[in-house]
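Below: one structure, written as structure tokens.
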There are 2 protein chains.
Amino acid sequence: MNEMKSFELWPIGVIRSPYRESGEIPKGPGAKHDAEGVLELRSELEPGLADIDGFSHLFVVWIFDRSEGYDLTAHPPIDDRPHGVFATRSPRRPNPLGLTVVRLLRREGPRLFVRGVDMLDGTPFVDIKPYLSSVPADELRRGWIDEVETRTRR
Amino acid sequence: MNEMKSFELWPIGVIRSPYRESGEIPKGPGAKHDAEGVLELRSELEPGLADIDGFSHLFVVWIFDRSEGYDLTAHPPIDDRPHGVFATRSPRRPNPLGLTVVRLLRREGPRLFVRGVDMLDGTPFVDIKPYLSSVPADELRRGWIDEVETRTRR
């Protein structure tokens, strides 16, 4: 492959969250992600939020800015077996991108108040996208996650 | 905000899709996204795919590599009214990141055969993540998209 030009991302804002350390973030089967936070967009980008208020849910793409390096095999906290990094949400990925679905509660100018944050306070974000459709629950298989949930429920 | 350090992304592979030009990609209300394609991961990263086979759906984060510059206001093809870029999937965004949910059909080594591609052939991708849960349909509001669908259905 020779199309391997790199790309530069620049933070479009910063996320305010109640979490100061990664140990505080709920993890594992049944973890509730209902923490509230704020997506503080750079004020000069505010016109890009026009009409966003009509969406109940948003994707936020953000940077694991306090993670360094990566491993191809991850050891998720909820399982004692390793998994390929792309089958996990590990921060130690080849590109340190995070992705979270949040519920939009309200907007105040360039600030989006949301529920469902699972990133650290001060995390830079690089994109916001509308959440448009869901995969029906009966079509969803979740590999090792389902398997861990079955195992730990016993 | 002074935390505005930029980040470098490097493509971890290339997407094979049936689409050579953006005009060929289905758009608009009711557009079917059932085109099949292949995520060709760099072979040295293949260990990162361990256990991915158990997931029915994946998120692919990719680069709009044939888009240049951005606008804060987007004019989606399905509507005659402009919208804030973050309320659309426009390629002309501050960071040219694309996000697509695909269905995993099968894996052959570092190649993932998937359904639901909506990117151009040769598009570089930067991350793959497992799709873990859906927002229930009855909790979803889709702002101007719902409004266009209602208008065009008349």
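Here, each number is a calculation from the coordinates, and none is a lab measurement. The structure presented is a predicted model; accordingly, all values stated were derived computationally and were not measured. Neighbour counts are summed over all protein chains in view; Cβ atoms, including those assigned to glycine, are modelled from backbone coordinates with ideal geometry.
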Where B:Leu45 falls short, out of the listed (1) in contact with a strand residue (DSSP E or B) (Cβ under 7 Å, 6 or more places away or on another chain); (2) at the interface with chain A (Cβ under 7 Å from one of its Cβ atoms): (1)
Tally of residues being loosely packed, with under 14 Cβ neighbours inside 10 Å, acidic (Asp, Glu) and touching a strand residue (DSSP E or B) at 6+ places or on another chain (Cβ under 9 Å) across the stretch A:131-150: 1
Qualifying residue in the stretch B:46-63 (condition: surrounded by fewer than 17 Cβ atoms within 10 Å (Cβ to Cβ) and touching a His at 6+ places or on another chain (Cβ under 8 Å)): no
Index of the failed condition, A:Val117 passing every other in (1) part of a loop (DSSP other than H, G, I, E, B); (2) within 9 Å of chain B (Cβ to nearest Cβ); (3) more than 19 Å from B:Gly98 (Cα to Cα): (2)
Cβ pairs under 7 Å, 6+ apart, first in the stretch B:133-146 and among the acidic types (Asp, Glu), second surrounded by fewer than 18 Cβ atoms within 10 Å (Cβ to Cβ): B:Glu139/A:Ser56
Any hit, the stretch A:20-39, residues being in contact (Cβ under 8 Å) with a residue 40 or more places away in the chain, within 12 Å of another protein chain (Cβ to nearest Cβ) and surrounded by 18 or more Cβ atoms within 10 Å (Cβ to Cβ): yes
Any hit, the stretch B:65-79, residues being over 27 Å from A:Arg103 (Cβ atoms) and assigned to a strand (DSSP E or B): no
Selection count, the stretch B:83-107, where residues are within 7 Å of chain A (Cβ to nearest Cβ) and touching a residue at least 60 places away in the same chain (Cβ under 8 Å): 1
Among (1) in contact with a helix residue (DSSP H, G or I) (Cβ under 8 Å, 6 or more places away or on another chain); (2) within 7 Å of another protein chain (Cβ to nearest Cβ); (3) of a type outside the set (Phe, Trp, Tyr); (4) over 20 Å from B:Asp53 (Cβ atoms), the one test that A:Pro110 misses: (2)
Candidate set from the stretch A:126-151 (those that are under 30 Å from B:Val148 (Cβ atoms) and not in a loop (DSSP other than H, G, I, E, B)); member that is farthest from the other protein chains (Cβ to nearest Cβ): A:Asp138
Residue match in the stretch A:118-135 (condition: over 20 Å from the mean Cα position of the chain (by Cα) and farther than 26 Å from B:Arg42 by Cα): no
Residue in the stretch A:106-117 that is farthest from the chain's Cα centre (by Cα), counting only those that are surrounded by 15 or more Cβ atoms within 10 Å (Cβ to Cβ) and among the charged types (D, E, K, R): A:Arg107
Residues of the stretch A:49-78 satisfying the condition of being facing chain B (nearest Cβ under 9 Å) and in contact (Cβ under 8 Å) with a residue 24 or more places away in the chain: A:Leu49, A:Ile52, A:Asp53, A:Phe55, A:Ser56, A:His57, A:Leu58, A:Phe59, A:Val61, A:Ile63, A:Asp65, A:Tyr70
Of residues in the stretch A:6-16 being surrounded by 15 or more Cβ atoms within 10 Å (Cβ to Cβ) and either away from every other protein chain (no Cβ under 14 Å) or assigned to a strand (DSSP E or B) (or both), the one nearest to the chain's Cα centre (by Cα): A:Ile15
Qualifying residue in the stretch A:35-54 (condition: within 15 Å of the chain's Cα centre (by Cα), in a loop (DSSP other than H, G, I, E, B) and under 30 Å from A:Met4 (Cα atoms)): no
